[in-house]
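So the structure is just underneath, and the comments pick up after that.
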Amino acid sequence: MDFLSFSFVYSVFCGAIILFILKKLFSQPPPKFGKYAPSPSRLPIIGHLHLLAKFPDDPWKGFDAIRQQFGDVVSLKLGTCDTIMVSSLETIKEVLINKAKIFSGRPDFYRYHLIFGGDRENALALCEWSELQKLRRSLCSISSTPKFASTSYEMLDKAITSEMGKFINLIESKPDRILTKCLVRQFSLNVFTEYLCASRMDYGNSTLIEQAYNFDFVFYDISQCGPLDFLPFLKTLGFFRGYIKKLNSISKAVRVYVEEFLVKPRIAKMDKSSMLEGKMDLDSCDSMISLDLMYKYHLQNPEELSYDHFFFAIGDLVGGSSGITNLLMRIIGHLAMDMEAQEEMYQEVLAAARQLDTDTISIKHRPYTPLADASILEALRLSSSPIVPHVPTQDTTIGEYFVPKGTMILFNNWRMNFSSEFYTEPEKFQPSRFLVHSTNNNSPNPWQIKKPEVFMPFSVGQRSCLGFKLTQNITFAALCNLLLRYKIEPVDPVETIREHVKMGILALRVDDCFRVQLIPRE
Ligand code: HEM
């Protein structure tokens, strides 16, 4: 009896200690202001990651299931990463616009350093907000967001039209006229290097093929979060060695290419003394090739923009070509699966070409074919690529909820893109959902684009995408000129294409993507 009561007291004592330790481990200090956002119960070490495991094909479905249960602001622990997911237009705008300055940081993932030469501050999209970033954004945007009818706009038009001609010649030289992702990424990379660095390579050149592949590989990697981000100790334990090695060697190869094939040859042709003449006025730099412009700025202001910052910024912009490769392939995939949509778009492009009396559609012709623009938006909506996570640089709030400094903010734009609250038949490829009757009597087309406020594929605010205009213009011209000449038919079964373009991320598989055949129109 004595023994029994001793062991009972002992068990209660041990239980109380364990409970105390668990409470200490899992309880949070009281919030500095407001209250903590609701949160599902979590597991040790992995936090809430197990809730996403039920959705291996699309973790955003898992995130949205959490949103449905816990509301528009949810606190999550993704492995070691304290996270807040925001899911309503109101809360997304609060982060991206109203409190843009506070939420201007990025997560500090090991991968980001790995890809950008050991320092994520080299990366335009992954660095912290700073005066340097403001400067880089204004330098880059001269060519990445060319204003209509500006010199940059004319240069872009020329680069696309000229590359499109060469691309059509390439297709014509192939007896089977099969279009692959490998070809599309060579095209996109050439448009970018020609426009930004005055340099291109012939199709089939091994460096062009290899580097277009490498950019695409890095783009695919950057477009998603992975186990190394949330469970960084896995690296210390020796996991993912092969993957880390491959990512490291591919990003290194990209840097060597940018330096040896784009930057150095161009600099060699420059007259340095003339570069140093006359202080640069950024408002009047519109007529310069982006590489020349940034190099000149670096020469004149080396303390503001180092050689490395100039060089990485050029690489980043050129890397944007992968976004266009993937978007273009997606639209091509959707059109190959939906002949009716393809025919409707073809008729509009054909009518525009006849009205303009031309056999080449240029970016200047966008008002004539709003359906092509609408198809770009629809493919973006269906890809529902996530907004790069933001991080607050100080303790703050979202609505009534406390958000500690350093918390990763995830944007549930999956809901913004797929909720039947905002779209009818949201899973369907239906470009016309972005069209309304034109309000402009002088418009060459009775339709014009209208985007719902919830649709923000390029994000909004001070860290929004720098490449949205390049994306829309290059994709538009490539798509219209292909459609004008060819009917797009699937080579792989429609089910395979559907499997590839399924939603959740813009990046398609790097290797082994689907193929289509281009059948010449009469
Ligand atoms: C289909 C094409 C593209 C999509 C859907 C896309 C989307 C995005 C999104 C969602 C962001 C994050 C914005 C934020 O964090 O608030 C972003 C950032 C960025 N994008 Fe794009 N993008 C595309 C193409 C491009 C291209 C072609 C370029 C380059 C010319 C580019 C350059 C950038 C840069 C530099 C940033 C970082 C801006 C910053 O953090 O300050 N993007 N993009």
### Extended-chain gain in nm, criterion 0.36 nm per residue less alpha-carbon gap, Lys245 and Lys101
48.3 nm
### Length gained when the stretch Ile178-Ser206 is fully extended (0.36 nm per residue, less Cα-Cα span)
8.1 nm
### P(r) weight above 20 Å for region 461-522, C-alpha pairs, percent
49
#### Entry: Mean separation of Cα contacts under 8 Å (6+ apart) over length of the chain, as relative contact order %
23
### Message
Order these by the 10 Å Cβ neighbour count, fewest first: Glu348, Glu210, Glu303.
### Response
Glu303, Glu210, Glu348
### Query
Stretch Asn441-Asp119 to full length: gain in nm at 0.36 nm per residue minus the Cα-Cα span?
110.7 nm
### Query
If you average the sequence gap of Cα pairs under 8 Å that are 6 or more apart and divide by the length of region 126-195, what percent do you get for the contact order?
29
### Task
Could you work out how far helix 2-26 tilts from the main Cα principal axis of the chain, as a 0 to 90 degree angle to the nearest 10?
30
### Query
What dipole magnitude, in Debye to the nearest 20, does the chain give about its Cα centre under +1 on Lys/Arg Cβ and -1 on Asp/Glu Cβ?
920
### Task
Kindly write out, for region 370-381 in residue order, the coupling ³J(HN,Hα) from the Karplus curve 6.51 cos²θ - 1.76 cosθ + 1.60 (θ = phi - 60°), rounded to whole Hz, with x marking Gly and Pro.
x, 5, 5, 4, 5, 5, 5, 5, 5, 5, 5, 4
### Query
So how do Glu378, Glu121, Glu304, Glu421 line up by other beta-carbon neighbours within 10 Å, fewest first?
Glu421, Glu304, Glu121, Glu378
### Query
Dipole magnitude of region 98-236 about its Cα centre, charges +1 at Lys/Arg Cβ and -1 at Asp/Glu Cβ only, in debye to the nearest 20?
360
### Query
Taking 1 over the mean of 1/r across every pair of different Cα atoms in region 207-285, what Kirkwood radius in Å do you get?
16.0
#### Entry: Calculated [θ] (222 nm, deg cm²/dmol) that DSSP helices of n ≥ 4 give over the chain, each run adding -39,500 (n - 2.57)
-15500 deg cm²/dmol
#### Entry: 3J(HN,Hα) from dihedral phi, region 29-38, Karplus parametrisation 6.51/-1.76/1.60, rounded to Hz, x for glycine, proline
x, x, x, 5, 8, x, 9, 6, 5, x
### Task
Could you pull out every residue, at least 5 positions away or on a different chain, whose amide H is within less than 5 Å of the one on Arg515? Hs are placed 1.01 Å off N in the peptide plane, and Pro or chain starts have none.
Val491, Asp492
### Acute angle (nearest 10 degrees) that the helix 339-356 long axis makes with the longest principal axis of the chain, alpha-carbon atoms
40
### Message
Positive end of the dipole of the chain, charges at C-beta (+1 Lys, Arg; -1 Asp, Glu), about the Cα centre: which of Gly323, Ile519, Ile488 has its Cα farthest in that direction?
### Response
Gly323
### Query
In straight Cα distance, which lysines are under 21 Å from Lys469, not counting same-chain residues fewer than 8 positions off?
Lys134, Lys147, Lys158, Lys364, Lys450, Lys451
### Task
Report the calculated FRET efficiency for Ser432 and Lys61 (r = Cβ-Cβ distance, R0 = 30 Å), to the nearest 0.05.
0.70
### Query
For the residues Lys99, Lys279, what sequence is obtained by ranking on other C-beta atoms within 10 Å, fewest first?
Lys279, Lys99
### Task
Calculate the tail of P(r) for region 362-443: the fraction of all Cα-Cα distances greater than 15 Å, expressed in %.
70
### Message
Can you tell me what percent of all Cα-Cα pairs in the chain are more than 35 Å apart?
### Response
40
### Query
How large is the dipole of region 235-339 about the Cα centre if only Lys and Arg carry +1 and Asp and Glu carry -1, each at its Cβ, rounded to the nearest 20 debye?
840
### Query
Computed over the Cα atoms of region 159-222, what is the ratio Rg over Rh, Rh following Kirkwood?
0.97
### Query
Taking amide hydrogens as modeled 1.01 Å from N in the peptide plane, which residues meet the under 5 Å criterion relative to Ile398, leaving out close sequence neighbours?
Val403
### Task
At 7 Å along the Cα-to-beta-carbon direction for both Lys269 and Asp395, put a label point, then send me their distance in nm to one decimal.
5.7
### Task
Calculate the spin-label point distance for Lys252 paired with Glu421, positioning each point 7 Å from the Cα along the beta-carbon direction, and give it in nanometres.
4.9
### Message
Quick one: 3J(HN,Hα) in Hz for region 110-121, Karplus 6.51/-1.76/1.60 with θ = phi - 60°, rounded, Gly and Pro as x.
### Response
4, 4, 4, 5, 4, 6, 10, x, x, 8, 5, 5
#### Entry: 5 angstrom amide H check on Tyr36, placed H, neighbours 5+ away
Phe402
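Rule-based calculations on the coordinates, nothing more; no lab input. On a predicted model such as this, the values are computed, not experimentally measured, just so you know. Note: ideal-geometry Cβ built from the backbone for every residue, glycine included; neighbour counts use all protein chains shown.
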